[in-house]
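For reference, the structure is listed below as structure tokens.
Derivation of every value follows stated rules applied to the coordinates shown; laboratory data play no part. Small disclaimer: the values here were computed from a predicted structure and weren't measured. Ideal geometry is used to build each Cβ from the backbone, glycine not excepted, and the neighbour counts take in all protein chains shown.
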Amino acid sequence: MSSRHKVEAMTDQAPTAESDIPGKPTSASRTTLSHIMTHNDTNLLGTVHGGVIMKLVDDAAGAVAGRHSGGPAVTASMDEMAFLEPVRVGDLVHVKAQVNWTGRTSMEVGVRVLAERWNESAPPTQVGSAYLVFAAVDADGKPRRVPPVIPETERDERRYQEAQIRRTHRLARRRAIMELREKRMSEGLDD
């Protein structure tokens, strides 16, 4: 990793005396959660309910965020959840998660969802993906600093750069919405 990216990985703000928290490599918190789907997980169409998959995604991402940050972390947002293929009863689902990017107190966790038949030896198929943002919190629920993530591979570096783009879009979207709300309020329009 270039020295520029090492500095950028340290924090999402200008370097301060607080930014001396040692970084952690991507592999330090990477996690896979596996679960076999049963009839209890189905929707009215007979496939696995999207909410069941979303819970597994949040569980795996939360484990990764807690491991990376060294303590409690809460889900701040789910940017994207793409369902690529249906999941069926009897599928063994693998939810693979890793920290893609870190800011001062937040982390983006990328998640891939794979499924394979429990009784077949065919390779798993990617059935979903998601990006979640977690905030590290202390015992009082206040934000706390997180270690910077250190990308280890070219793939990790690409994910880090893509996560920065998603963060920029999240912040711009939030800013535009707040400006629109302020404008409507100043015009006496009540939502």
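Pick from 169, 94, 49: which is most flexible by mean-square fluctuation in a GNM of the chain where alpha carbon atoms under 10 Å apart are linked?
Taking springs between Cα atoms under 10 Å, the residue moving most is 169.
Just 92, 56, 44 to compare: in a GNM of the chain, with alpha carbon springs under 10 Å, which one fluctuates most?
With Cα springs under 10 Å in the chain, the top fluctuation among 92, 56, 44 is at 44.
Would you mind computing, in nm to one decimal, how far apart the modelled labels at residue 83 and residue 138 are, each placed 7 Å from Cα along Cα→Cβ?
Using points 7 Å along Cα→Cβ, the separation is 4.1 nm.
Using a Förster distance of 45 angstrom, determine the FRET efficiency expected from the C-beta separation of residue 161 and residue 34, and round it to 0.05. Intermediate results must be reported in sequence, preceding the final value.
Working: r = 29 Å, r/R0 = 0.65.
Efficiency computed from Cβ-Cβ geometry: 0.95.
Can you show me the helix-derived [θ] at 222 nm for the chain, built from DSSP H runs with n ≥ 4 at -39,500 (n - 2.57) apiece and divided by the number of residues, rounded to the nearest 500.
On the way: 3 runs with 61 residues, N = 191.
The helix-only estimate for the chain comes to -11000 deg cm²/dmol at 222 nm.
Please identify, among 86, 25, 147, the residue showing maximal mean-square fluctuation in a Gaussian network model of the chain using a 10 angstrom Cα cutoff.
86
Does the range 135-191 come out rounded, prolate or oblate, given a ≥ b ≥ c as the square roots of the eigenvalues of its C-alpha gyration tensor, rounded meaning a/c under 1.5 and, failing that, prolate meaning a/b above b/c? If you can, show how the numbers build up before the last one.
Numbers: a/c = 6.04, a/b = 1.74, b/c = 3.48.
In terms of gyration-tensor shape, oblate.
Could you list, bin by bin from short to long, the percent of Cα-Cα pairs of the chain in 5 Å steps?
Pair shares across the bins are 1, 8, 14, 17, 16, 13, 11, 9, 6, 3, 1, 0, 0.
Take every Cα pair under 8 Å in the range 35-105 that's 6+ residues apart, average their separations, divide by the length, and report that relative contact order as a whole percent. Write down the numbers at each step before the final one.
Details: 59 pairs, mean separation 35.4, N = 71.
After rounding, I find 50 percent.
Determine which residues of the range 67-109 fall in the zone a paramagnetic label at residue 44 would reach in this model, i.e. backbone nitrogen under 18 Å from the point 7 Å along Cα→Cβ.
Those under the cut-off are none; the list is empty.
Given R₀ = 22 Å, FRET efficiency for residue 154-residue 126 by Cβ-Cβ distance, to 0.05? Walk me through the numbers before you get to the answer.
On the way: r = 20 Å, r/R0 = 0.89.
Using R0 = 22 Å, I get an efficiency of 0.65.
Once each part is reduced to its C-alpha centroid, what is the distance from the range 90-121 to the range 42-79 in angstrom?
Cα centroid to Cα centroid, the span is 9 Å.
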